[in-house]
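Take a look at the structure set out below.
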Amino acid sequence: MKTIRGFQRLNASGEPMSLVTCYDFTSAAIVNDSNIDAILVGDSAAMVMHGYDSTVNANLDMLASHVHAVRKGAPDKFLIADMPFLAHRKSLEKTMSAIEKLMHAGAQAVKIEGVDRDDPIIPHIVKSGVPVMGHLGLTPQSVHQLGGWVVQGKDIDGESRLLEDAKILENQGCFSLVLEMVPAELARKITESLVVPTIGIGAGAHTSGQILVFQDLLGMNAEFKPKFLRTYLNGYELIKSALNDYTQDVKAHDFPGDEESF
Ligand code: KIV
């Protein structure tokens, strides 16, 4: 799927959408050749690619550079870029320049965490021709306010706030919403209350689609085992074992052989 129209058509067909967060050219080329429906260049790049302990450390230059690489590797996939921490909180002018940079790097839409009821920026971005994906539930850029990576919307107040926020974001013009770490039943209610699709991570089975981080679903981080994650490869052990095989061959004077030499 190459465009937002493909995204909307797939959602209209009722088929669940599979999205992946991806950050680099080589991985993006594999994703491009796969059946994954769309790509997010997420601010989780700060953690997965740069080793920070939260997404607060992502910045515009970092994300634009990842978007650029992913766009080159995956020319055939609809590509959404995260607006990094505070990028839409400084001024309208700075917000629009940040978006310009991400779009020029190859994004076709941006994702913005949270909701602003009083001074909404999203309608302005949408009016400017840029599709916006919302993000509710656990919004990792607010981790210090939330006090950790915890499931959101577990009590009645939290639940009704999230239902309201989702409607507000839809009315502000979001074409889709990520729901992160919310109870499955609440994610179902939100999804049923909206026309636009919801994309879940840790939000159960009743969203319109799912998203996981490339490295997470391939099991490349042996220590990252949240309840919501299913791994499809033991990437950590497989890669480690390949590296050890290579080292063993080098040390045994077995690599390079004649066939690998000029
Ligand atoms: O940054 C990211 O990868 C995300 C997804 C997990 C939704 O925001």
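Each value in this text was obtained by applying a stated rule to the coordinates, not by laboratory testing. Treat the numbers as computed from the prediction; the structure is a model and nothing was measured. With ideal geometry, Cβ positions are generated from the backbone for all residues, glycine too; neighbour counts draw on all protein chains shown.
Quick notes
- Of the residues making up region 182-200, just one is surrounded by fewer than 24 Cβ atoms within 10 Å (Cβ to Cβ) and within 14 Å of the ligand (Cβ to nearest atom), namely P197.
- Residues (under 18 Å from L102 (Cα atoms) and assigned to a helix (DSSP H, G or I)) located in region 44-54: A45, A46
Matching residues to (1) touching a residue at least 24 places away in the same chain (Cβ under 8 Å); (2) surrounded by 15 or more Cβ atoms within 10 Å (Cβ to Cβ); (3) closer than 25 Å to G42 by Cα:
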{"site": "K154", "(1), (2), (3)": "yes, no, no"}
{"site": "S160", "(1), (2), (3)": "no, no, no"}
{"site": "S176", "(1), (2), (3)": "yes, yes, yes"}
{"site": "E180", "(1), (2), (3)": "yes, yes, yes"}
{"site": "I211", "(1), (2), (3)": "yes, yes, yes"}
{"site": "G219", "(1), (2), (3)": "no, yes, yes"}
{"site": "T231", "(1), (2), (3)": "no, yes, yes"}
{"site": "L243", "(1), (2), (3)": "no, no, no"}
{"site": "Q248", "(1), (2), (3)": "no, no, no"}
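Residue-wise test of (1) part of a helix (DSSP H, G or I); (2) touching a Phe, Trp or Tyr at 6+ places or on another chain (Cβ under 9 Å).
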position	(1), (2)
V56	yes, yes
M62	yes, no
F85	no, no
K90	no, no
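- Test: residue in region 117-131 that is surrounded by 15 or more Cβ atoms within 10 Å (Cβ to Cβ), among the hydrophobic types (A, V, I, L, M, F, W, C) and within 16 Å of the ligand (Cβ to nearest atom): no
- Exactly one residue out of K72, K90 is away from the ligand (no atom under 13 Å from the Cβ) and under 23 Å from V126 (Cβ atoms), and it is K90.
- Single condition G204 does not satisfy, out of (1) surrounded by 10 or more Cβ atoms within 10 Å (Cβ to Cβ); (2) out of contact with any helix residue (DSSP H, G or I) (no Cβ under 6 Å at 6 or more places or on another chain); (3) not in a helix (DSSP H, G or I): (2)
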